[in-house]
Amino acid sequence: MTSQTITASSSGTWQLGNLTVNRLGFGAMRLTGTGPFDMGVPSDRARSIAVLRRAVELGVNHIDTAAFYFSALRSANELINTALAPRTEDLVITTKVGPGRDNSGEWWWAEPAQLRGQVEENLRQLGRDHLDVVNLRNKGRAVAPLVERFGALAELREAGLIRHLGLSNVTVEQLAAARAVAPVVCVQNRFGIGATAEQREVLRVCGERGVAFVPFFAIAGEGREEGVAEGQDQAVLDIARAHGASVAQVRLAWTLQQGPHVLAIPGTGNPDHLVENVAAAALRLTEAELARLDAV
């Protein structure tokens, strides 16, 4: 499909609290290196900065990031700040807390009292005095630990450091428990073609509650951090050929057609892939094509 004049506005808009975003955004995870958490091979800095600036030129106004998106010599937050400041005030930047990584790349998980430090680190790296949206990345299925951590973020929201709160990697039960503590504007869960019944239930409940649903790995599918898996299902390939589109574009179009509350945040460090991803905002699949993909 042609991508010459298509911008992210073709995807329509959604409200994250009082913030309006185009439904097709950008994920910063792949900006830092050959792999999202590769400590050995940093990305080309100038290219990553150019990709961010081009994304904004193409109408992207919702950028997803995290302080733990870094590789050797590269930090996604720092790249965003360098590429887009002072225009970051005109964008909606969503970040995540909960997990952390030390300087060697080793992971750790924050206790409630440590979340303020993670929020302040994001503020410092992004050069902001507040964060637009902060997602609490969850670990496990227990409700009580999530509520305790979410309560700590709600206090930072009251203090003015955070405008809006979201969740990541949660169940329907956890979403309900968090919403009893403070408003939730978005849920960021793994979701894509071939989603399980449980994953679909979270999507449905978010729609009923007016909560944005933001899938991750929507393009990669089972490839996850490594990218699109080999051996794509024949249905995806057939539909891509029918539209003169790429597999990635079909997956993005399918994602956006799951509901008006669904946002897409495809990430790339490749300027050509960026243009291709944004062009998917205008791709409309037929009811028959959607049904075929839903059956995958």
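Quick notes
- Qualifying residue in the range 267-275 (condition: surrounded by 20 or more Cβ atoms within 10 Å (Cβ to Cβ), within 22 Å of the chain's Cα centre (by Cα) and part of a helix (DSSP H, G or I)): yes
- Considering only residues in the range 63-88 that are touching an Asp or Glu at 6+ places or on another chain (Cβ under 9 Å) and assigned to a strand (DSSP E or B), the one that is nearest to Leu19 (Cα to Cα) turns out to be Phe70.
- If you filter the range 250-266 down to residues that are aliphatic (A, V, I, L, M) and part of a loop (DSSP other than H, G, I, E, B), you find that the one that is farthest from the chain's Cα centre (by Cα) is Leu263.
- Looking across the range 85-104, the residues that are touching a strand residue (DSSP E or B) at 6+ places or on another chain (Cβ under 8 Å) and either aliphatic (A, V, I, L, M) or without any contact (Cβ under 8 Å) to a residue 60 or more places away in the chain (or both) come down to Leu91, Val92, Ile93, Thr95, Val97, Pro99, Gly100, Asp102.
- If you go through the range 238-259 and pick out every residue that is of a type in the set (Ser, Thr, Tyr) and out of contact with any Gly (no Cβ under 9 Å at 6 or more places or on another chain), you end up with 1.
- The range 35-63 residues that are under 23 Å from Leu131 (Cα atoms), paired with ones that are assigned to a helix (DSSP H, G or I) and at pLDDT below 90 (beta carbon under 7 Å, 6 or more apart): Pro36/Glu225; Val56/Arg87
- Residue within the range 186-197 that is of a type in the set (Phe, Trp, Tyr) and either in a loop (DSSP other than H, G, I, E, B) or in contact with a Pro (Cβ under 8 Å, 6 or more places away or on another chain) (or both) present: yes
- Any pair with Cβ under 7 angstrom, 6 or more apart, that starts in the range 128-147 at a residue that is outside any helix (DSSP H, G or I) and ends at one that is surrounded by fewer than 15 Cβ atoms within 10 Å (Cβ to Cβ) and not basic (Lys, Arg): His130/Gly160; Lys139/Trp109; Val143/Glu173
- Verdict on Ser11 being over 19 Å from Thr95 (Cβ atoms) and within 18 Å of the chain's Cα centre (by Cα): yes
- Against the list (1) surrounded by 15 or more Cβ atoms within 10 Å (Cβ to Cβ); (2) at pLDDT below 95; (3) not hydrophobic (A, V, I, L, M, F, W, C), the condition Asn189 fails is (2).
- Residue count, the range 1-37 (criterion: surrounded by fewer than 17 Cβ atoms within 10 Å (Cβ to Cβ) and either modelled with pLDDT under 95 or assigned to a helix (DSSP H, G or I) (or both)): 7
This table checks each residue for (1) closer than 20 Å to His273 by Cα; (2) modelled with pLDDT under 95; (3) surrounded by fewer than 17 Cβ atoms within 10 Å (Cβ to Cβ).
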| site | (1), (2), (3) |
| --- | --- |
| Val51 | yes, no, no |
| Leu58 | yes, no, no |
| Asn61 | yes, no, no |
| Ala72 | no, yes, yes |
| Ala83 | yes, no, no |
| Pro86 | no, yes, yes |
| Glu89 | no, yes, yes |
| Gly100 | no, no, no |
| Asn103 | no, yes, yes |
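The values are calculated or read from the model by the stated rules, or taken from the named source; none is laboratory data. Every value quoted in this text rests on a predicted model; they were computed, and no experiment measured them. Ideal geometry is used to build each Cβ from the backbone, glycine not excepted, and the neighbour counts take in all protein chains shown.
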